[in-house]
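The values are calculated or read from the model by the stated rules, or taken from the named source; none is laboratory data. The structure presented is a predicted model; accordingly, all values stated were derived computationally and were not measured. Glycine also receives a Cβ, built like all others from the backbone with ideal geometry; neighbour counts cover every protein chain displayed. The protein model used for the area step is the full one, side chains on, heavy atoms only, and it has no ligands, DNA or RNA in it. Shrake-Rupley method; radii C 1.70, N 1.55, O 1.52, S 1.80 Å.
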Amino acid sequence: MAACSVEKCREKSFLKGRSIPFYDRPYSFPTTPATMPIDETWEQIKVEAQSDIVNEPILRNYYCDLILFCPSLESALAAHLASKLSIPDIIPRDTLKHLLHDALTADPELGCAVRADLCAVRDRDPACEKMVHCFLYYKGFLALQVHRVAHWLWTYKGRRAAALLLQSRSSEVFAVDIHPGARIGKGILLDHATGVVIGETAVIGNDVSMLHGVTLGGTGKEAGDRHPKVGDGVLIGAGANVLGNVTIGDGAKIGVGAVVLKPVPDGATAVGNPAKVLEGKKSSLLAVSMDHRF
């Protein structure tokens, strides 16, 4: 498939001049240019893989099988995820591989989001030296890509049983539980990611960063639209809980361990249990800088 470039993914991360709330706008990613001749992200991953092989020859077969012998990022990702999610004699690896690959190649917008997520991890996580390491080892990234396919199946194909299967296996394997109905933008960092829970009607904008143990949940047994709406560029600290159909504005920050039950304005910081809102200067860079101070 033709892939969008790293820079184009970054340029389109923030939507300018919105006239409607982010959680009411149509759910779609930027359209991938059909004439893009080179997949810059995939080429970089292959270069990094070759460099690792030179420094650590015992990785040769592993890297060749998962990366260097694959024709595209989508095919490599589908194979990699299938190997982790499959259950021998019950959920065959090849069956999952075809399911994942068909979704990733059918909708080029998914590929753009995958590449933006890779760049987000590389640029924001100081522990990530190379995108190839994120691609192979970072469970937050991997769980997010499983969700992207599950959401596509749930929302656009009506294959809810298959979507729930992917959610269940991803939760078991990666300890990240994202309902297939949740709407998640691109350029997302789930740092460490263990214990992240995101409910069915949650909406997450672009360029959001959140750490382990974050819950975007409901407040009880109410049905309908019951989960948080998180704007662009939001930073959510470890162990934070945002509960109910509340809006977290663009560029806001949720402190470590905060319990948020009320809306947080654009650029504000919410800390404590129950959370108190501290007004601040709006910034679109908090999720990028990963600055948890307040």
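Using r as the Cβ-Cβ distance of A106 and E129, and R0 as 35 Å, what FRET efficiency do you calculate, to the nearest 0.05? If you can, show how the numbers build up before the last one.
Values: r = 33 Å, r/R0 = 0.93.
Using R0 = 35 Å, I get an efficiency of 0.60.
C70 sits among other residues whose Cβ lies under 13 Å from its own Cβ, and their net charge, with Lys and Arg +1 and Asp and Glu -1, is -2.
The slack in the chain from D65 to Q50, taken as 0.36 nm per residue of separation less the alpha-carbon distance, amounts to 4.2 nm.
Summarise the accessible area of the range 189-294 (1.4 Å probe, protein heavy atoms) by the percent that is carbon and sulfur. Provide the component values of the computation, followed by the final result.
Values: 2490 of 4320 Å².
Carbon plus sulfur share of accessible area: 58 percent.
Normalised by the number of residues in the range 144-294, what is the relative contact order in percent for Cα pairs under 8 Å and 6+ residues apart? Intermediate results must be reported in sequence, preceding the final value.
Values: 424 pairs, mean separation 21.2, N = 151.
Averaging sequence separation for qualifying contacts and normalising by length gives 14 percent for the range 144-294.
In Å², what does the accessible area per residue of the range 137-179 work out to with a 1.4 Å probe? Show your work: numbers first, answer last.
Working: 1690 Å² over 43 residues.
Counting only protein heavy atoms, the per-residue value for the range 137-179 is 39 Å².
On the range 49-156, 54 percent of the accessible area sits on carbon and sulfur atoms, based on a 1.4 Å probe. Per-residue extension of 0.36 nm, minus the Cα-Cα distance of I58 and D291, leaves a gain of 80.1 nm for this segment.
Give the shape of the range 102-208 as rounded, prolate or oblate, defined through the alpha-carbon gyration tensor: a ≥ b ≥ c are the square roots of its eigenvalues, a/c under 1.5 means rounded, and otherwise the shape is prolate if a/b is larger than b/c and oblate if not. Prolate, because a/c is 1.5 or more and a/b exceeds b/c. Only Cα pairs under 8 Å and 6+ residues apart enter the sum, and on that basis the relative contact order of the range 36-113 stands at 21 percent.
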